[in-house]
Amino acid sequence: MKLRRLRWSLLLLVAASCRGSSPLSPAPDDSPGLTAPTDKNSDPGVLELDLVAKVATVELVPGVKTSAWTYNGTVPGPFIDVAAGTKLVIHFRNDLPQSTTIHWHGLRLPNGMDGTLAVQSPVMPGGTFDYVFTPRDPGLYWFHPHHRSDSQTERGLYGVIRVRGSSEPHVDHEHVVVLDDVRMEADGSLPKDLDDYSLLAPDLKVHGRWGPTILANGRTDRVIDVTAGAIHRFRFLNSANVRYFNLTVPGHTWRVIGTDGSLFERPYDTNNLLIGPSERYDALLVPNGAVGSDLVLKTDAFQRAEDDTPQPASTVAKLHVVASMTTRTLPVTLPGVAIPRLPIPDGDPIPIEFDSGTQGGPEGYVLPPEEHDPVVGKPGDPIFVINKKAGANIPPIEVKLGATKKFLIHNVSHQIHVFHLHGFFFQVVDTDDAYDPVDNPFGLRREMMDQAQKDSITVRSGYSVTVVARFDQEPGRWMYHCHIPEHSERGMMSEIRVVP
Ligand code: C2O
Ligand code: CU
């Protein structure tokens, strides 16, 4: 790790001197709408904060009041921004009318801090829980409830975590952008089906909740100031339940330098950066345009699955050109950042087959009652299964601490799914959904498969993805599930038991 960072600094020095222009300064941060929490601890190695889940009135659409569920009163919640190795002490209080938990998505942490119902009881209204852990892997992460997450996250309970490495790529500007979408009534209220699953439209029960109101850091009218010619690093989180962001700035190309908990030694270029639910992507962009003009950050149309309603194109935010400079050249490689590849174990992979059916349907799928506040359906409602079983009926996968395992995730359903693993990163090693610029533009990029260390990956209808993970950390009960919460709350969630 140390060596990797050192090599980075050397490279940057060389790059800066070769260019002959002024050396790159550390990136001024410009992430409008994201605010740091108050640090109650004077020790620079500790960030200690109060985090309160509560109902608050927010303005997602300018001039329109929405009663949302929030962390500390804002959507997104407080921006947790720390150097790797900083200890987080989070005093959580639940002032919501419903029980909840907080999961720290993508972070490697002690099992008891993972915020799932496998490791803690839900925090009741008025209750408290202290989450204490130390993020060590640079990257972009997030937090959200792991209890009724279909409705709770959709109501606004999410926040972003940036873990900075000791030597990040030097760029001119950096922006963290949290993407979301909501369905709201004209008066700004959120749909009643968040209180009552039986009111949810059948196609949203099947495919997940999504809506036409697009939020960037909690607003529909977000403006990010940019400098033409400068290198801007955009770090995106997709916190939406099921919307895919197919990001483009017309006339521009992204240079993709990382995802989830990894940077790429060999970045790749794309005009459309596709980000599935819960994924994070890190991409460089050099804006061009006259000072005073606006560029549009938009999401292009995307079809999640054949029998799903296509997502139309929409504006996400504006990039307002406030200055210009001599155009910088983007780095072609980022030497030294590569994550070592895991050995691929011989033998058959552990199968994880995603399918769906209906309650009381011919498949005979049964959703066992949950202990806490379940999402109760009725005959005809969808059930989502892993290896033909739902929820607590799925046998846990037992893995020995230290083992490296291979999983074949096969989506035989008619919906899109997002495989997410808690507590450990995985590496994608194979897929039948490989990218091809003409035939399969939304397939998995080879460069990503060779370099990424991920916690979430899309598995499209009819395709499969093989991943390898090393269970070298904490023993315990670690969830894996589809990250479309309407699917995980209705069966598509189980656990890996890492045993000593
Ligand atoms: Cu972000 Cu188990 O989820
Ligand atoms: Cu799913």
Fill in: Only listed residue being touching a Lys or Arg at 6+ places or on another chain (Cβ under 6 Å), away from ligand 2 (no atom under 16 Å from the Cβ) and at pLDDT 95 or above, chosen from Glu495, Glu447
Glu495
Item to complete: Check segment 215-230 and report whether any residue there is within 16 Å of ligand 2 (Cβ to nearest atom), over 22 Å from Trp69 (Cα atoms) and assigned to a loop (DSSP other than H, G, I, E, B).
Response: no
Discussion item. Just to check your reading of the model, which residue among Gly364, Gly336, Gly360 is exposed (fewer than 12 other Cβ atoms within 10 Å of the Cβ), farther than 19 Å from Pro485 by Cβ and modelled with pLDDT under 95?
Written reply: Gly364
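Which count do you get for residues in segment 245-264 that are outside any strand (DSSP E or B) and under 15 Å from Phe425 (Cα atoms)? Steps first, please.
Step one: filter segment 245-264 for residues outside any strand (DSSP E or B), giving 249-253, 260-261.
Of the ones still in play, those that are also under 15 Å from Phe425 (Cα atoms) are 260-261.
Looking only at that region, the number is 2.
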Response to the item:
Exactly one of Asp300, Asp373 is of a type in the set (Asp, Glu), away from ligand 1 (no atom under 16 Å from the Cβ) and modelled with pLDDT of 95 or more, and that residue is Asp300
Worksheet item: Taking segment 306-360 as the search range and keeping residues that are in contact with a Pro (Cβ under 8 Å, 6 or more places away or on another chain) and of a type in the set (Gly, Ala, Ser), which one is farthest from ligand 2 (Cβ to nearest atom)?
Response: Ser314
Discussion item. Yes or no: segment 389-397 includes at least one residue that is out of contact with any Ser or Thr (no Cβ under 8 Å at 6 or more places or on another chain) and of a type in the set (Val, Ile, Thr).
Written reply: no
Worksheet, complete the sentence: Among (1) away from ligand 2 (no atom under 16 Å from the Cβ); (2) among the charged types (D, E, K, R); (3) buried (at least 24 other Cβ atoms within 10 Å of the Cβ), Glu168 falls short only on (3)
Practice prompt. State yes or no: is Pro485 away from ligand 1 (no atom under 16 Å from the Cβ), in contact with a helix residue (DSSP H, G or I) (Cβ under 9 Å, 6 or more places away or on another chain) and of a type outside the set (Phe, Trp, Tyr)?
Written response: no
Fill in: Phe424 vs. criteria surrounded by fewer than 24 Cβ atoms within 10 Å (Cβ to Cβ), in a loop (DSSP other than H, G, I, E, B) and touching a strand residue (DSSP E or B) at 6+ places or on another chain (Cβ under 6 Å)
yes
Discussion item. Quick check on segment 387-408: of everything there that is more than 15 Å from ligand 1 (Cβ to nearest atom) and of a type in the set (A, V, I, L, M, F, W, C), which residue is farthest from Val499 (Cα to Cα)?
Written reply: Ala390
Worksheet item: So, in segment 340-379, of the ones that are in a strand (DSSP E or B) and among the acidic types (Asp, Glu), which residue ends up farthest from Ser413 (Cα to Cα)?
Response: Glu353
Worksheet entry | Given (1) farther than 27 Å from Leu444 by Cβ; (2) at pLDDT 95 or above, index of the condition Asn411 fails | (1)
Fill in: Residues that are in a loop (DSSP other than H, G, I, E, B) and within 14 Å of ligand 2 (Cβ to nearest atom), drawn from segment 463-492
Tyr463, His483, Ile484, Glu489, Arg490, Gly491, Met492
Discussion item. Checking the condition among the aromatic types (Phe, Trp, Tyr) and out of contact with any Ser or Thr (no Cβ under 9 Å at 6 or more places or on another chain), which residue from Phe234, Phe245 passes?
Written reply: Phe234
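Is it true that some residue in segment 119-131 is within 13 Å of ligand 1 (Cβ to nearest atom) and touching a residue at least 60 places away in the same chain (Cβ under 8 Å)?
Within segment 119-131, one or more residues are within 13 Å of ligand 1 (Cβ to nearest atom) and touching a residue at least 60 places away in the same chain (Cβ under 8 Å).
Conditions tested, residue by residue: (1) buried (at least 20 other Cβ atoms within 10 Å of the Cβ); (2) modelled with pLDDT of 95 or more.
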{"position": "Asp260", "(1), (2)": "yes, yes"}
{"position": "Tyr268", "(1), (2)": "no, yes"}
{"position": "Asn272", "(1), (2)": "no, yes"}
{"position": "Ile275", "(1), (2)": "yes, yes"}
{"position": "Glu279", "(1), (2)": "yes, yes"}
{"position": "Pro287", "(1), (2)": "yes, yes"}
{"position": "Asp294", "(1), (2)": "no, yes"}
{"position": "Asp307", "(1), (2)": "no, no"}
{"position": "Leu319", "(1), (2)": "yes, yes"}
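The rows are residues; the columns are (1) within 29 Å of Leu117 (Cβ to Cβ); (2) away from ligand 1 (no atom under 14 Å from the Cβ); (3) of a type in the set (Ser, Thr, Tyr).
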site	(1), (2), (3)
Val428	yes, yes, no
Thr431	no, yes, yes
Phe442	no, yes, no
Gln451	no, yes, no
Ile457	yes, no, no
Thr466	yes, yes, yes
His481	yes, no, no
Discussion item. For the condition at pLDDT 95 or above, within 16 Å of ligand 2 (Cβ to nearest atom) and farther than 28 Å from Asn393 by Cβ, what is the one hit in Asp433, Asp455, Asp439?
Written reply: Asp433
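The values are calculated or read from the model by the stated rules, or taken from the named source; none is laboratory data. What you see is a predicted model; the values in this text were computed from it and never measured. All Cβ positions, glycine included, derive from the backbone under ideal geometry; neighbour counts span all protein chains shown.
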